[in-house]
Structures are given as structure tokens and as C-alpha cells.
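The values are calculated or read from the model by the stated rules, or taken from the named source; none is laboratory data. Keep in mind that what you see is a predicted model, and the values were worked out from it rather than measured. FYI the Cβ positions are ideal-geometry reconstructions off the backbone, even for glycines, and counts take in every protein chain you see. Remember, those area values only see protein heavy atoms, side chains included, never the ligands or the DNA or RNA. Shrake-Rupley method; radii C 1.70, N 1.55, O 1.52, S 1.80 Å.
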Amino acid sequence: MMNLRGLAVAALVGLSACSAQDRNFVGAGAGGAGGTGGTGGTDGAGGTGGTGGAAGTGGAGGTGGTGGDNGAGTTTPSSASTGTSTTTGCMRTEDCFNGADDDCDDAVDCADPDCAEGAVCLTAPTNFEPGVLVDATEPCPDGFTEDETLLFRGLSGSGCEGCGCTPNPTDCAADLYLYANTSQCEADNGLTGGTLAKRVGFTCDAVPINNGFVSWGGVRSGPFEVIQSCTATGTAIPAPARWAESKKLCHATAGAGCRAGEVCVPKLAPAAQCALVSGSATCNGYGRRERDWFRGYTDTRTCSSCSCTASGGDCNYVRVELGNDYSCFDHAQLSQADRYCGYAYSPPAHLVGTPTNSTCTARTSLSGSLDPTGQSTLCCVE
């Protein structure tokens with residue numbers, strides 16, 4: 001098809017045959033025919049120019065036709081790597097947890113049918129943090145990596161530790177009483193008579209127990225004193241604080257599209273879906289409430305210095321050895337709380353035998369307290 005510019009040129013050529021100026025040309029030959037107009041372009045390419053007319057007899061050749069206009073061309077929309085249309089700005093699919101209508105179907109997150117299989121509306125009033133509960137050492141599942149909160153319950157840690165005790169050898173001592181004569185000794189069936197003469201132990205000093213007594217008729221031993229002790233070792237510190245159980249709440253990336261008081265969260269996670277709130281709270285809309293979870297503790301405990309208590313030692317296998325003439329041995333022996341009614345010349349005395357060693361118990365006192373903090377309530381779906 002001849003374009004408009006070619007038609008205009010042809011029209012002007014036709015009109016020139018009637019122009020007063022054209023009639024003054026010398027030469028009688030007729031003018032050449034006008035050139036053919038160019039073809040219009042397609043798909044953005046320019047048209048081809050027309051061919052000039054052949055020269056007529058005695059006249060100039062016609063002017064070549066003008067090339068066709070650029071074609072409008074056909075455009076095919078392209079999509080970005082995110083799946084967003086460059087002409088509409090809409091995603092091909094819905095992101096179910098960002099609070100936006102990504103695919104432009106007037107349905108947001110959980111309200112969009114695209115999210116029916118992977119999302120669920122979970123009750124989460126103001127201040128409730130939705131998530132899933134897993135063991136403290138487990139990783140958070142997909143869709144629940146927004147944040148993590150460690151939770152604990154069953155705090156213990158009473159008493160002190162770190163003290164030790166070393167028992168010292170058990171020692172014994174005995175008070176000896178002298179009778180003025182043998183008949184006084186034999187008459188003392190209650191074992192309460194006599195005059196205190198000396199306290200003796202395992203070491204014999206050869207000094208007579210009757211020193212200063214001109215004459216005497218017997219000796220009595222009182223109950224043996226058990227001397228037992230321990231040496232404290234170590235440093236007392238509070239027993240470590242321990243939790244009986246620890247869990248981790250993996251917070252959900254929550255979306256919209258639910259009723260008031262609900263949020264859109266991933267479903268079918270391999271853990272219990274819960275909501276966490278600080279303090280004690282009711283759990284309307286949930287099957288289980290656990291109010292004994294905490295987020296930490298404060299520890300103001302201190303322990304006093306270590307000390308020890310000895311017990312169990314005895315002198316049951318110990319006896320008093322009575323000597324003669326400043327010699328410590330072999331005149332007579334008597335048990336604790338017993339008597340010997342007889343005479344020896346200037347008799348020393350000491351203890352013989354083996355005491356039973358004691359056992360030790362460490363002692364310290366605890367002050368201050370260990371208290372859980374951050375009491376929280378878990379509301380969980382059964």
C-alpha cells in the first residue's frame with residue numbers, strides 16, 4: 001500500500017501540469033511518471049523507500065517514494081527471577097507469612113487458598129508469642145527461625161559443697177583416784193570414792209600417782225575421756241544450680257489473614273505448637289497450660305568456712321597400766337570406771353591399748369537464696 005507521503009507527492013505532480021509557472025517550460029515532452037511509494041515498516045523496522053519514476057520525453061524523472069513509517073512492533077512481557085510480573089507487580093504465588101497480598105487475588109496469607117496446606121491460624125492474643133516447642137539442643141524447624149527463647153523448670157541447688165575433713169588419731173585420758181586404805185577401796189561399790197590424784201594418758205612420766213600420799217590402799221579410774229578431732233580441708237561453695245528440664249521455643253514468622261486475636265503460622269511442624277506469654281496467663285483456645293516455666297534465676301547464696309565434727313571414736317580397748325617403784329609397767333591393770341584395791345610402792349601409771357578412730361562430718365552453713373526468674377506461661381495445642 002502506497003503511504004500517505006507518496007500520495008501527496010503524486011498529487012502535487014498532477015497539480016503541476018496545470019500550474020501557470022509549469023506552462024513556461026521549454027520542451028514539449030511529457031514528464032516522467034512518479035515513483036512508487038515505500039512500504040511501511042513492521043516490528044519496529046523502517047519501511048523500504050519507493051523507486052523513482054522513469055524520465056519522460058523532454059521531462060525530468062519523477063521523485064522516488066518516501067520510506068514507510070517505523071512499525072509499532074509487538075512486545076512480550078518478561079518476568080523477574082522473583083516471579084514478579086513487570087506489568088502488574090504481582091507474585092505468581094502467595095508468601096503466606098508476610099502480611100501482604102502477594103499474588104493480587106485479594107486474599108492475604110492464611111486467607112489465601114494457596115496457603116491452605118502449609119499455614120494455620122493460631123490463637124495468639126496481644127503479647128503472646130507463637131512458636132513451636134523443641135528440646136533445648138534441637139535446631140528450630142523451617143518457618144520457626146524468627147527467634148529463640150530458652151525455657152526452664154525444676155530449679156534445684158540447695159546446700160554447699162567443697163568441704164573435706166581428715167580425722168586425727170583418737171586419744172584417751174583417765175582420772176585416777178586414790179583410796180586412803182584397802183578397806184575404803186573395797187567398800188566403794190558405787191565407784192565414786194577416793195581422792196583425785198592425777199590424770200594420765202598414753203605417755204608415762206614415771207612420777208608416782210601417790211606423790212605426796214604417805215600411804216594408800218587402792219586406785220580407781222573414772223570413765224575414760226575420748227579425745228577425737230578432725231582437720232577441715234577445702235573451700236565451701238554453693239551447690240551448682242540445676243534445672244530438671246529445659247526446652248526451646250522457636251518463634252514463628254507470623255502472617256495475617258486470620259480472625260482477630262490469631263496469627264498465621266506454618267503448620268505440621270515436628271513439634272508442639274504453642275504460644276508464650278510472660279507471667280501467669282489463661283490459655284483460652286489452647287488445650288494445655290503450663291505456668292511453671294522460667295527464663296533464668298538469681299543466686300545470692302554464700303557458704304561459711306568449712307568445719308568438721310568428729311564422732312565414733314572410743315577408748316573401749318584401752319586400760320590403765322599401774323607400775324611399781326617408779327617403773328611404769330607390770331604391777332596391775334584396770335579398765336575404765338573400775339578399781340584396784342592393793343598397794344604398790346610409788347606407782348606411776350599410764351594408758352595402754354589402741355583407741356578406735358573417729359569419722360568426720362563436714363559442716364558449713366548456707367545463707368542467701370536461689371530463685372527462678374522470668375516466670376512464663378506456655379499455651380500449647382494438644
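Observations, loosely collected:
- Whichever residue in region 341-370 is open to solvent by 50 Å² or more (accessible area, probe 1.4 Å) and in contact with an Asp or Glu (Cβ under 8 Å, 6 or more places away or on another chain) and, among such residues, is modelled with the highest pLDDT: GLY368
- Single unsatisfied condition, SER158 versus (1) modelled with pLDDT of 90 or more; (2) open to solvent by 70 Å² or more (accessible area, probe 1.4 Å): (1)
- Candidate set from region 124-138 (those that are open to solvent by 60 Å² or more (accessible area, probe 1.4 Å) and over 12 Å from the mean Cα position of the chain (by Cα)); member that is modelled with the lowest pLDDT: THR126
- If you go through region 341-358 and pick out every residue that is in contact (Cβ under 8 Å) with a residue 40 or more places away in the chain, more than 15 Å from ILE227 (Cβ to Cβ) and in contact with a Pro (Cβ under 9 Å, 6 or more places away or on another chain), you end up with 4.
- Which numbered condition CYS121 fails, given (1) in a loop (DSSP other than H, G, I, E, B); (2) in contact with a helix residue (DSSP H, G or I) (Cβ under 7 Å, 6 or more places away or on another chain); (3) surrounded by 15 or more Cβ atoms within 10 Å (Cβ to Cβ); (4) modelled with pLDDT of 50 or more: (1)
- Search result, residues across region 349-381 that are small (Gly, Ala, Ser) and under 27 Å from ARG199 (Cα atoms): ALA349, GLY353, SER358
- Residue in region 325-340 that is among the small types (Gly, Ala, Ser), assigned to a strand (DSSP E or B) and either surrounded by 14 or more Cβ atoms within 10 Å (Cβ to Cβ) or in contact (Cβ under 8 Å) with a residue 60 or more places away in the chain (or both) present: yes
- Positions within region 181-212 being under 16 Å from ALA344 (Cβ atoms) and either aliphatic (A, V, I, L, M) or loosely packed, with under 15 Cβ neighbours inside 10 Å (or both), in sequence order: ASN181, THR182, ALA197, VAL200, ALA206, VAL207, ILE209, ASN211, GLY212
- Strands (runs of 3 or more DSSP E) wholly inside region 241-281 that include at least 3 residues being within 12 Å of CYS121 (Cβ to Cβ) and either open to solvent by less than 30 Å² (accessible area, probe 1.4 Å) or not aliphatic (A, V, I, L, M) (or both): 262-266
- Restricting attention to region 217-231, the residues being within 14 Å of ARG199 (Cβ to Cβ) and open to solvent by less than 50 Å² (accessible area, probe 1.4 Å) number 5.
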